[in-house]
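Undergrad: Pasting a structure below so you can have a look.
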Amino acid sequence: MKEAKGKTLSKKQYLIVASMIFALFFGAGNLIFPLHLGQLAGRNWGSAAIGFSITGVVLPLLSLLAVAITRSNGVYQIALPVGKIFALSFMTLIQLTMGPLFAAPRNATVSYTVGIAPLLPKQFKSIGLFVFTTIFFAIVFMIAYNESDILSSLGKILNPIFLILLFLVFVMAFAHPLGNLSTVAVSKEYLHGTVVKGFLEGYNTMDALAGLAFGVTVVTAIKELVNNNEKKVAKITAKAGLMAVIGIGIIYTLLIAVGAMSLGHFKITSDGGILLSEIVNYYAGVFGQALLAVLVFLACLTTAVGILSAFALDFSAHYPKFSYKGWLIISCVGSFATANLGLDKIISWSLPVLMFLYPLAIVLIILSLFSPLFKGDKVMYKVTMALTLVPAIFDLITHLPAPIAGTQFYKAVSQFRLQYLPLANIGLSWVVPTILGLVISIFIHVWHRKTNKI
């Protein structure tokens, strides 16, 4: 991208930046969660889409702005005002979540579920997953090891084709709907509080975490466009980011609606990848499904390369016992092992981790956005994060799957959480403690200013 010599960027440059942001936040794996949410929400799909858009669209944009405003070079630096130990721990957890534990393996399993699994007999699906993930992460390793940009270049072609195919599916889905949006059934858990449930479902996109972890790449590119003019970076990030997230928001909303309509023809499935394959096959036949499978495979491959390369870079910088290539090997092997647990288990085990990380990420984003107002006062960070951390730990424990779920320890923690933490019954136990932390820290900050301590 050429540097902008004028006061403003051209429309083409804005589109380039918006495309980068779109690519950062929207991967093939993001298709499965809004579809699944639509099936659960049924005729309440509209309110579910509002909640989903807050965590899946608005928060990712705010995370990019947080990176731009604080002029950070990564998630470690964003979290540093809380303390070095917290910053290192938070960076480690986010990179593990985005890397070998959840996001990278999820890319492989989504690709397998959409493209290969429908073609195999049930008894061969496990061995099929093993073979597929072996090949998938071997390719990821080779590309990332040689630091090749072939997939990056290929992505410029793939993304438009992928979106065109998706657009055609939307046209067919609304021209010949599988069900009536106003009458499709609602699952029991989505009869009430649909906005909040959609909000929590948006955690699964991991996009706010991605914005904190990898948003510096976009911000750096914007800096180059404006000759490192820091004053313009946040403004351009906001404008280009808004263009990107509007597009993402529209796609999410349409996917949720399509998921809801699918109830007229398909049963609720916990695997959005299978549903996506079924819907595309219904409208576009075997050829459409085959084309989708190829595009999803390449898109997931591109995402996995980016995720695991970033993991290896960050870990080699903060844990230099292993080099970039050493951490890359570890991350690819770890991702392969996790992927073979299957998509359902990856999602079920990622939920408690996301219930822990997301409140912390949300608070960090808010504090970073408003840090110029309180001059980055570390007390604001420390007090607020401390009071957010406690309910986040409770949320982690009470969302753990079997075998931990159902134990006496689990029951005791769950009962304590519901009894003493407000809004715990709707999954927002962190909100009141966070607000309390903000109020206390503001009073401390004002007192420090009056006593000239800051």
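Undergrad: Under a 5 Å amide H to amide H cut-off, with H placed in plane at 1.01 Å, what residues pair with Phe266 once short-range neighbours are removed?
TA: Residues meeting the amide H criterion: none.
Undergrad: Based on alpha-carbon positions alone, could you give the equivalent ellipsoid semi-axes of the chain from the gyration tensor, as √(5λ), descending, whole Å?
TA: Value: 34, 27, 23 Å, ordered largest first.
Undergrad: Between Ala386 and Gln408, what length in nm is gained on full extension when 0.36 nm per residue of separation is reduced by their alpha carbon distance?
TA: 5.2 nm
Undergrad: What is the percent carbon and sulfur in the accessible area of the chain, measuring with a 1.4 Å probe over the protein chains and ignoring ligands?
TA: The nonpolar share, carbon plus sulfur, comes to 69 percent.
Undergrad: I would also like to ask the following. Can you tell me how much longer the chain between Lys125 and Ala290 gets when fully stretched, taken as 0.36 nm per residue apart minus their C-alpha distance, in nm with one decimal?
TA: 57.6 nm
Undergrad: Quick one: accessible area per residue over the chain, 1.4 Å probe, rounded to a whole number of Å²?
TA: Solvent-accessible surface per residue comes out at 45 Å².
Undergrad: Would you mind computing Rg(Cα) / (2.2 N^0.38 Å) for region 210-265, counting N as its residues?
TA: So the Cα radius of gyration is 1.64 times the expected 2.2 N^0.38 Å.
Undergrad: Another question, if that's okay. Considering the options Gly115, Leu276, Thr237, tell which one lies farthest towards the positive end of the dipole of the chain, charges being +1 on Lys and Arg and -1 on Asp and Glu at the Cβ, about the Cα centre.
TA: Thr237
Undergrad: Can you give me the relative contact order of the chain as a percent, contacts being Cα pairs under 8 Å and 6 or more apart?
TA: Taking the mean separation of contacting Cα pairs over the length of the chain, I get 30 percent.
Undergrad: Run down the lysines and flag those whose C-alpha is under 24 Å from the C-alpha of Lys11, throwing out any fewer than 8 positions away in its chain.
TA: Lys2, Lys156, Lys223, Lys231, Lys232, Lys235, Lys239
Undergrad: Could you list which residues have their amide H under 5 Å from that of Val184, counting only those 5 or more apart in sequence or on another chain, with H placed in the peptide plane?
TA: So Val184 has HN proximity to Arg43.
Undergrad: Here's another thing I want to ask about it. Dipole magnitude of the chain about its Cα centre, charges +1 at Lys/Arg Cβ and -1 at Asp/Glu Cβ only, in debye to the nearest 20?
TA: With Lys and Arg at +1 and Asp and Glu at -1, about 1180 debye.
The values are calculated or read from the model by the stated rules, or taken from the named source; none is laboratory data. Every value quoted in this text rests on a predicted model; they were computed, and no experiment measured them. Quick reminder, even Gly has a Cβ in these numbers, built from the backbone with ideal geometry, and neighbours come from all protein chains shown. To get the accessible areas, we keep the full protein, side chains included, count just its heavy atoms, and leave off ligands, DNA and RNA. Shrake-Rupley method; radii C 1.70, N 1.55, O 1.52, S 1.80 Å.
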